[in-house]
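What follows is calculated from the coordinates using simple rules that are stated; it is not laboratory data. Note that the coordinates shown come from a computational prediction; the quantities given were computed from them, not determined experimentally. Cβ sites come from the backbone with ideal geometry, for glycine too, and all protein chains shown count toward neighbours.
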Amino acid sequence: MSFRHHPLLVLTLALPACLHAQDREPTIPPPSIVEYHPRSRLVVPEHLVPRAKYPAVDVHGHPPLLNDAATISRVVAAMDSLNLGVIVQAIGTSGERLTRQIEAVKAAGQADRFVFFTTLDLGFVQRGDGQRLAEQLRRDVAAGAVGIGEINKGFGLSARGPDGSRLHLDDPELDVVWETAADLGIPVFIHTADPAAFFEPLDFTNERWLEMALFPNRQFNDRSRFPTFETLMAERERLIAKHPRTTWILAHLGWYADDLGKLGQLFDRYPNVTAEVGAILYDLGRQPRTARDFFVKYQDRLLFGKDSFRPEEYPYYWRVFETEDEYFDYYRDYHAFWKLYGMGLPDPVLRKLYYGNALRIIPNMPRRPFPVR
Ligand SMILES: [Zn+2]
């Protein structure tokens, strides 16, 4: 019998090109999306990483407000166990709320473990506010702030301008603020939009279906209320282009973690852009080879950041960055239905990601926690 006429081959060729379960019905009631949690049968080497290999700066830190000794010592104990050298307090505060935290960490003897960003009230911007905010910025930096942020996604999604319409990210009223940040030599840490999937229709092809269904306030797909993802990305790029002397830190890899090529283009066009990795680990962990190449190529532009301060979640980051482990669980199942893989970053890249780039970009960073002169 010739190969061509082998019965199994004939059978295979006779099947439709794309064989879906939809061609059959489950013979027992299927579980719902929230019930189905298959346990992986895969047995491969595991390398848990409770402590980062090098002391890290969390540039996207959201510990509680550091106003009292008990809170500060609780946060420092968690930092020590994770090998976090410094947390950037990115719950930006201004005026008395800022100085109170700075004084409290000094009084607790922990001034070399925390730095503080200031904040800008951008909810309703009126004519003349730019100048006022720039003056506030100068005062807060004089008081010890070393950056602006986190500027949250409301800037772009819901903030209003003088005429009551949506305030565009590149509104000229705020030019003086971004130029003042450049004059002061401080970075602007900005969160724009949200995952692109949140701007898409909520149907059963949306890979963030569960998260959007659990958190209706993460649905930005109503075009009568919100701009498109692409509109916000274009506005952000005009803002960056308009202020080439200002150092921008894009939160969450600028929400391009699922399309690193776009982030690479942004890095190539604008040397003043950097980005941090908070809350997008699920995207790096599903493309370990592409992400590794990207992190090697852009090793001077990437910063470690975590976002929510949950100490038990940091080791997932260390494991993805430092190991080549395969097919392991992520910590939040509504972010991602998939498993993670380690990127196995080379040591020089890890050092830059964990602390080198932060020490370069953020002024007045404490040096003591890090292996640098
Ligand atoms: Zn944040």
Practice prompt. Scan the chain and note any complete DSSP helix (H) whose C-alpha atoms cover at least 15 Å along its axis and whose Kyte-Doolittle average is -0.5 or more.
Written response: 69-82, 229-242
Worksheet entry | In the stretch 43-361, lysine pairs closer than 29 Å at Cα, eight or more apart or cross-chain | 27
Practice prompt. May I have the pair-distance distribution P(r) for the stretch 96-158, computed from all Cα-Cα distances with 10 Å bins from 0 and rounded to whole percent?
Written response: 19, 45, 27, 9, 0
Fill in: Cα lying deepest toward the dipole's positive end in the stretch 43-361, options L359, H168, V44, charges on Cβ
L359
Practice prompt. May I ask you to give the average projected area over all directions of the convex hull of the Cα atoms of the stretch 43-361, in nm² rounded to one decimal?
Written response: 16.1 nm²
Item to complete: Would you calculate, for the chain, the mean residue ellipticity at 222 nm contributed by helices, counting each DSSP H stretch of 4 or more residues as -39,500 (n - 2.57) and dividing by all residues, to the nearest 500?
Response: -9500 deg cm²/dmol
Worksheet item: Label S224 and W338 with points 7 Å out from Cα along Cα→Cβ: what is the distance between them in nm?
Response: 3.6 nm
Worksheet, complete the sentence: A student asked for the Cα radius of gyration and Dmax of the stretch 148-238 in angstrom ought to give 15.0, 49
Worksheet entry | GNM result for the chain, Cα springs below 10 Å: residue of L214, L284, L122 fluctuating most strongly | L214
